[in-house]
1. Given the condition of a type in the set (A, V, I, L, M, F, W, C) and in a strand (DSSP E or B), answer yes or no: does some residue in region 231-249 qualify?
2. Does residue 187 satisfy the criteria of being in the same structural domain as residue 152 (by TED's automatic domain parsing), acidic (Asp, Glu) and either crowded, with 24+ Cβ neighbours inside 10 Å or on the phi > 0 side of the Ramachandran plot (or both)?
3. For residues that are modelled with pLDDT under 90 and surrounded by 18 or more Cβ atoms within 10 Å (Cβ to Cβ), tally how many sit in region 21-60.
4. Return the residues of region 151-178 that are touching a strand residue (DSSP E or B) at 6+ places or on another chain (Cβ under 7 Å) and under 17 Å from residue 192 (Cα atoms); say none if nothing qualifies.
5. With the checklist (1) modelled with pLDDT under 90; (2) buried (at least 18 other Cβ atoms within 10 Å of the Cβ) in hand, flag the one item residue 108 doesn't pass.
6. Quickly run through region 433-453 and pick out the residues that are of a type in the set (A, V, I, L, M) and surrounded by 15 or more Cβ atoms within 10 Å (Cβ to Cβ).
7. Can you report the number of residues in region 174-229 which are outside any helix (DSSP H, G or I) and under 20 Å from the mean Cα position of the chain (by Cα)?
8. Taking only region 322-332 into account, find how many residues are surrounded by 12 or more Cβ atoms within 10 Å (Cβ to Cβ) and in a helix (DSSP H, G or I).
Amino acid sequence: MRKALIVVAQDPYIDPRISYEAESLHKLGYDVEVFGFLNKERTSKKNFSSNIKITEFEPNNAKAFASGIKSLGIFLNDLGLKHYLLMLVGLPLVLALDISIGLCLGILVLIKNLPNILLSKTIILKRVLKLFIILIKPKTFKKPNFQLRFISSFHRLMTLVHPNLVLIGAYKQIYSNKKFDLVVCCDLDTLMAGAYIKKTTNTRLVYDSHELWPYVYTDAYWLDTQLLSGLEGLFIRYADSVITVSNYIKNILDGLYRHPHIAVIPNVEPLEDTIQPIQNNKVNEDTINFLFIGGFAPGRGIELLIRNWQQLVLKNDLNFNLLIQGPNNIYKTQYMNLARNTGLLGKRIFFPESVSEDKIIESCKSADVGIIPYEPICLSHIGCSPNKLGQYMKAGLPILSNKLEHVSEVLSVSKAGFICDFTDQDEFIKYALNFKSSEDRKKMSENALIYAQQKYNWEAYSQVFKAALGK
């Protein structure tokens, strides 16, 4: 039997997409193993069937990290990585002391190594030169906190490099005598590790990029984009095929890296059994419940949503409730305080207890409309494929979403909801009122269910996934 390894730099049980890929590989005849990081605080292990082997490793293992660093030498001949790392590591350290000295040293190193750099890959030379051109522009130094931003950008880069190095070291410890026919690496924090496995074993490598990584931060600075696109560009060339979650992101990846094989598989739900309309579990049938379910973080649009709801309630004598459901963190506390300050907490705005991933569809029974409030403030958000889009549709919920490209495409075709600008309160209220009619909601609910069953499900994309795996 052919062997497949899925590599993740997190708890393997967090992202349901990992389990969908693993089960699909098993159905295609692979002996599947998922290799990820140990989470000692995990409360649920319900994503995978008994057919899938799960192997976990300590994410902060120093021995594996050191082993990973030593293993980077195999890439030097291919990428000229020695010079690239010199710039990435050297510049931030000297900039912390004196930015002018850092520039002088960096330019001297560049001149000294110019003959060797010219012999290495052209893309490396272009990126190094581009970095210095940007750095020496006078306007750069007029911006406040430049040194802090530089250090922050470097730190963000290292949060992706570190798990890659640990995974490389861990792979060498665990799988030194095992050969896989296929490796699927998920996200940029595993791409370097996947490239290492490809380089050392000549296995087929599939890179599933769930985000648009060079533009993933909502507060991104120019250097974040340069460093993250540099990291991804260095190693994406080792992937035989690339998967991403939307056509919007695919088009950007095409422009950045010119990879010949990029496929699109959104974050969709599996069909499982035939989808049936879900019986509503509402306590009060006279209310219309709008539900956001997901994690809390900056850029998710929760603050906008709460402020819009305050105006909606003030301007209209309506029985509209807003349910905001997700795990506890510091941002949830802030949003609860904001809702309390509006005077609507416990009256028209509620924070139900969070549920595990496998209970989300069931939790949607308490709602009439699903909300996707993500703010289109970075390219990754604009082109995102939220898990909740597929979950709402599978649950038969009509949808109200902020202006996001992929979500707009789906709702335009499915007729399952509306798109509006959440920063425009009047526009938001106008579109929210479109859900007042029970007949209109019923029609959109039916459209959502039909589209989820016929088009927007994991099985519908199975051939795309199979094609990305190759022969």
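1. Checked region 231-249: at least one residue is of a type in the set (A, V, I, L, M, F, W, C) and in a strand (DSSP E or B).
2. So residue 187 fits the description; yes.
3. 2
4. So in region 151-178, the residues touching a strand residue (DSSP E or B) at 6+ places or on another chain (Cβ under 7 Å) come out as 167, 170, 174.
Hits for region 151-178 are 167, 170.
5. Status for residue 108: all satisfied but (2).
6. Correct list: 444, 448, 449, 450, 452.
7. Summing the residues that are outside any helix (DSSP H, G or I) and under 20 Å from the mean Cα position of the chain (by Cα) in region 174-229 gives 19.
8. 2
The values are calculated or read from the model by the stated rules, or taken from the named source; none is laboratory data. These figures come from a predicted structure and were not determined experimentally. Neighbour counts run over all protein chains shown; Cβ positions are idealised from the backbone, glycine included.
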